[in-house]
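Reviewing the structure listed below.
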Amino acid sequence: MTTTYIVLGIIAVIILWAIGAFNHLVRMTQRAKEAWADIDVQLKRRYDLIPNLVETVKGYATHEKTAFENVTQARAAAMGATSLADKGQAENALSSTLKSLFAVAEAYPELKANQNFLALQSELSDTENKIQAARRFYNTNVRDLNTALAVFPNNLIAGSFNFSKMEFFELGENDSAEREPVKVQF
């Protein structure tokens, strides 16, 4: 009789552990999805600001047609990217084209003094900072989830219930130039 209680006790502990591990993995997966939604909100905000910025700059720099077309194409590509890797590359391309648009604006002192342009530039800068913070939060949650999925004995539960690792939202290879110091030549 005591052996039966011991076996039932062990089975109950294993079942409770499995339920706890499963629920923990579900919470971590949902937290990572929520973090991605935060990134998505900030990216949408960025996409909404870009046409206003382009129109403001167009009013002053009408002959800079290629810069406007590049920004518009990069925005469309970023909005249409589906996979996380494609999204990262498209966002990096969009950032590069925005930098070129701001470089165009440098040539127009009256544009740099325009209140609409300054407000849009400030909002876009704020949005970029929020995107970076959301990306760090997302990547932290994905790291924690992926670690939990890989460690024993959680990997037994993860494999049994088809939990899968999530991708990091990383900077693309094109960003290596951004990390290097600016070279000034005279």
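Observations on the structure shown:
- Test item: Cα-centred dipole of the range 111-169, Lys/Arg +1 and Asp/Glu -1 on Cβ, debye: 100
- Cα long-axis angle, helix 115-150 against the chain (0 to 90 degrees, to the nearest 10): 20
- If only the Cβ of Lys and Arg carry +1 and only the Cβ of Asp and Glu carry -1, the dipole of the range 2-163 around its Cα centre is close to 380 debye.
- Charge dipole (Cα centre; +1 on Lys/Arg Cβ, -1 on Asp/Glu Cβ; no other charges) of the range 1-96 amounts to roughly 160 debye.
- Close Lys-Lys pairs in the chain, where close means Cα under 21 Å and separation is 8 or more or interchain: 17
- One entry in (i) 14.1; (ii) 13.6; (iii) 9.5 is mean projected area of the Cα convex hull in nm² calculated from the shown coordinates; its label is (i).
- Tilt relative to the chain, helix 2-58 - C-alpha long axis, 0 to 90 degrees, to 10: 10
- The calculated FRET efficiency for the pair Ser83 and Ala133, based on their C-beta separation and a Förster distance of 22 Å, comes to about 0.45.
- Across the options Thr3, Ser100, Leu53, the greatest Cα extent toward the positive end of the charge dipole of the chain (unit charges at beta carbon of Lys, Arg, Asp, Glu) belongs to Thr3.
Throughout, read-outs are computed from the coordinates displayed, never taken from laboratory work. Fair warning: this is a prediction, and the values are worked out from it, not measured in the lab. Glycine gets a Cβ as well: all are built from the backbone with ideal geometry, and neighbour counts include every protein chain shown.
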